[in-house]
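Enquirer: Below is a structure I'd like to ask you about.
The values are calculated or read from the model by the stated rules, or taken from the named source; none is laboratory data. Here the structure is a predicted model, which is why all the values come from computation and not from measurement. All Cβ positions, glycine included, derive from the backbone under ideal geometry; neighbour counts span all protein chains shown.
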Number of protein chains: 2
Amino acid sequence: MNKITAEFLRVVSDFKGSFQGAFNIRENGECAGRQSSKNIKIDTKKDLPGIDIHIQPGTLGETVYIPACVTHTGVDDLVYNDFFVGAGADVVIVAGCGVHNDGEGEARHNGIHRFFLEKGAHVVYREKHLANGSGAGAKRIDPVTEVHLAEDACLEMDTVQLGGVDSTLRKTTAELDARARLLVRERIMTDGAEVAKTDFEVTLTGEDSGVDLISRSVAKGTSHQEFLSCIRGRNRCSGHSECDAILVGNGTVTASPALEASHIDAALIHEAAIGKIAGEQILKLQTLGLSEEEAEQQIISGFLK
Amino acid sequence: MNKITAEFLRVVSDFKGSFQGAFNIRENGECAGRQSSKNIKIDTKKDLPGIDIHIQPGTLGETVYIPACVTHTGVDDLVYNDFFVGAGADVVIVAGCGVHNDGEGEARHNGIHRFFLEKGAHVVYREKHLANGSGAGAKRIDPVTEVHLAEDACLEMDTVQLGGVDSTLRKTTAELDARARLLVRERIMTDGAEVAKTDFEVTLTGEDSGVDLISRSVAKGTSHQEFLSCIRGRNRCSGHSECDAILVGNGTVTASPALEASHIDAALIHEAAIGKIAGEQILKLQTLGLSEEEAEQQIISGFLK
């Protein structure tokens, strides 16, 4: 694995020279390291680029790392990763992605992740995206996530885009069986002329299923962000989505959340707010000795935490 | 004017045998009565079916009535009404619509209203929609409303669909200049197999312009309602929209509100909630002696008030 990858891994997936337990490191479309554990088997897909991750039923407390990096221009990495999580398992999946581009061509990572959680499985999924490099070529990360939650399964998605990604299109679809839960915490920061679009489609099929979707974004420079969501309640269920955005400079944001209730016992709620940081918040921190820029930075950090 | 029209006028536009001041009654595509006042002139359009309503600058405290009725099957009434409201005027416009259909064919009223409010004008616009009749033919009311608010102008739209309308498509667009205000209170009740779609597009162009859009709906039977809105903030401005829906029986509701902020000082907020009446609310009223149906009816009346 090259130096750029090693540095990315440190930031996006808590890499400290080695991983404990199961992991797969993808670098410029190839495998730069892999290890299965007793309970977590990682296999190369036979028909497509990518891996199958099989987590044994009842696996408890293990973490699997599957970071992916693109470290030079001209790479368009497309990968299919499938997670099969056995009944009653309770694990953490860390799936960071870094894209570095010093050249003129585009560098892109396009990860297509499918999650199949069996009855009562619980997964915490953490994903950090970061891009850097001195080239004029675009750095793109376009994740597609497909979630299938069986009865009583729970997926907690915690996703962050740290910066430097010129363009991202994030598409997440989920279908929930009875009593399944999906919790999403998404934070996206854009600056310069960056563009970010995020699109959630959640179908609450099972009785007493529920989703809680919170998206926070900061659009600086002349960047533009679009938030789309659609929560469909087709049974007795609860759905909540919240989209908060802070504008800085000439950043612009569009939020288009939709709720579809087609069952008398579907309870769906949405909230959205877009605006700049309130002047009095800045002022308050200035009276504590911070400069205007420091105050703004501190408020944004807190908002995206 | 026929008896059905007279009865509609009583319900949708507070008709008590006569109108005070300016009015125009439209019945099955024709004029069934008109009166201008000193300050409010109503003229037949030269190029299209419909009327031009000119309200003199500074007109205060007057009400103009422009009800429209369709009283039999096979009528497809299309009408263009333009309101030119002079600077500083402060008036009320009452624009109810009734559709009666005892036959097999469709009966439809399609009113295209344009509002041009000059500087500082203030208009309260009240619109009630109602349909009835024993025929199998559809009763449709499809209003199109276009609003232009000059500096400091204010339009308060208070619209209600009372019931019996098989299908409605309500399209409202508005553009606001500096310090202009648009306040919308919309209430729609559907039952049986009725379908209602309402679509708002509000562009906040002027500095310190603002919109407050509140839509409440009750979907009973197997009826379906769709709420769409888009608030565009293109200057220092404030926008708030709220969409609350109550489901009864097998009614279904979709809410798709969008916010577009393209100015650092645009502050936009949206809230939506869809669900059935909470069980404890019904229970509370039952302990006061109401039946379950009476309790539900009382809660819905309060919600749509």
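Enquirer: Hey, A:GLY289 hits all of (1) over 22 Å from B:ALA245 (Cβ atoms); (2) facing chain B (nearest Cβ under 9 Å) but one; which does it fall short on?
Expert: Going through (1) over 22 Å from B:ALA245 (Cβ atoms); (2) facing chain B (nearest Cβ under 9 Å) one by one, A:GLY289 breaks only (2).
Enquirer: Sticking with this structure for a sec: Looking only at residues in the stretch B:211-234 that are more than 13 Å from chain A (Cβ to nearest Cβ) and surrounded by fewer than 22 Cβ atoms within 10 Å (Cβ to Cβ), which one is farthest from the chain's Cα centre (by Cα)?
Expert: Checking each candidate, the answer is B:ASP212.
Enquirer: Continuing with this model, one more query. Does the stretch A:200-208 contain at least one residue that is under 19 Å from the mean Cα position of the chain (by Cα) and within 22 Å of A:ILE274 (Cα to Cα)?
Expert: yes
Enquirer: Hey, can you tell me all the residues within the stretch A:8-43 that are in contact with a Gly (Cβ under 8 Å, 6 or more places away or on another chain) and not in a loop (DSSP other than H, G, I, E, B)?
Expert: A:PHE8, A:LEU9, A:VAL11, A:VAL12, A:SER13, A:PHE23, A:ASN24, A:ILE25, A:GLN35, A:ILE40
Enquirer: Sort out which residues of the stretch B:1-18 are crowded, with 21+ Cβ neighbours inside 10 Å and of a type outside the set (Gly, Ala, Ser), and write them in order of number.
Expert: B:THR5, B:PHE8, B:LEU9, B:VAL12, B:PHE15 - these are the residues of the stretch B:1-18 that are crowded, with 21+ Cβ neighbours inside 10 Å and of a type outside the set (Gly, Ala, Ser).
Enquirer: Residues being away from every other protein chain (no Cβ under 14 Å), of a type in the set (A, V, I, L, M, F, W, C) and surrounded by fewer than 17 Cβ atoms within 10 Å (Cβ to Cβ): count how many of those fall in the stretch A:259-286.
Expert: 1
Enquirer: Does the stretch A:237-258 hold any residues that are among the aliphatic types (A, V, I, L, M) and either more than 7 Å from chain B (Cβ to nearest Cβ) or under 15 Å from B:ALA258 (Cβ atoms) (or both), and which are they?
Expert: Selection gives A:ALA245, A:ILE246, A:VAL248, A:VAL253, A:ALA255, A:ALA258.
Enquirer: Inspect the stretch A:73-90 for any residue being of a type outside the set (D, E, K, R), in contact with a helix residue (DSSP H, G or I) (Cβ under 6 Å, 6 or more places away or on another chain) and in contact (Cβ under 8 Å) with a residue 60 or more places away in the chain and give the result as yes or no.
Expert: No, because not a single residue in the stretch A:73-90 is of a type outside the set (D, E, K, R), in contact with a helix residue (DSSP H, G or I) (Cβ under 6 Å, 6 or more places away or on another chain) and in contact (Cβ under 8 Å) with a residue 60 or more places away in the chain.
Enquirer: Determine the pairs where a residue that is under 10 Å from B:ASP191 (Cα atoms), located within the stretch B:155-170, has a partner that is among the hydrophobic types (A, V, I, L, M, F, W, C) and not in a strand (DSSP E or B) with Cβ atoms under 6 Å apart, the partner being 6 or more residues away or on another chain.
Expert: As it stands, the answer is B:ASP166/B:ALA138, since those pairs meet every condition given.
Enquirer: Mind listing whichever residues of the stretch B:177-207 are assigned to a strand (DSSP E or B), over 25 Å from B:ALA136 (Cα atoms) and free of Cβ contacts under 8 Å to residues at least 60 places away in the same chain?
Expert: Of everything in the stretch B:177-207, those that are assigned to a strand (DSSP E or B), over 25 Å from B:ALA136 (Cα atoms) and free of Cβ contacts under 8 Å to residues at least 60 places away in the same chain turn out to be B:ARG181, B:LEU182, B:LEU183, B:VAL184, B:ARG185, B:GLU186, B:ASP199, B:PHE200, B:GLU201, B:VAL202, B:THR203.
Enquirer: Given (1) modelled with pLDDT under 95; (2) surrounded by 21 or more Cβ atoms within 10 Å (Cβ to Cβ); (3) not in a strand (DSSP E or B), identify the lone condition not met by B:LEU130.
Expert: Every condition holds for B:LEU130 apart from (3).
Enquirer: If the requirement is being in a strand (DSSP E or B) and crowded, with 17+ Cβ neighbours inside 10 Å, which of these qualifies: B:GLY137, B:GLY111, B:GLY120, B:GLY88? Break it down stepwise before answering.
Expert: Numbers: B:GLY137 fails: in a strand (DSSP E or B); B:GLY120 fails: in a strand (DSSP E or B); B:GLY88 fails: in a strand (DSSP E or B).
None of the others qualify; the one that does is B:GLY111.
Enquirer: How many residues does the stretch A:59-85 hold that are assigned to a strand (DSSP E or B) and of a type in the set (Ser, Thr, Tyr)? Before you say what the answer is, go through the steps one by one.
Expert: Residues of the stretch A:59-85 assigned to a strand (DSSP E or B): A:60-65, A:68-70, A:76-85.
Then drop every residue that is not of a type in the set (Ser, Thr, Tyr), which leaves A:63, A:65, A:80.
Residues in the stretch A:59-85 being assigned to a strand (DSSP E or B) and of a type in the set (Ser, Thr, Tyr): 3 in total.
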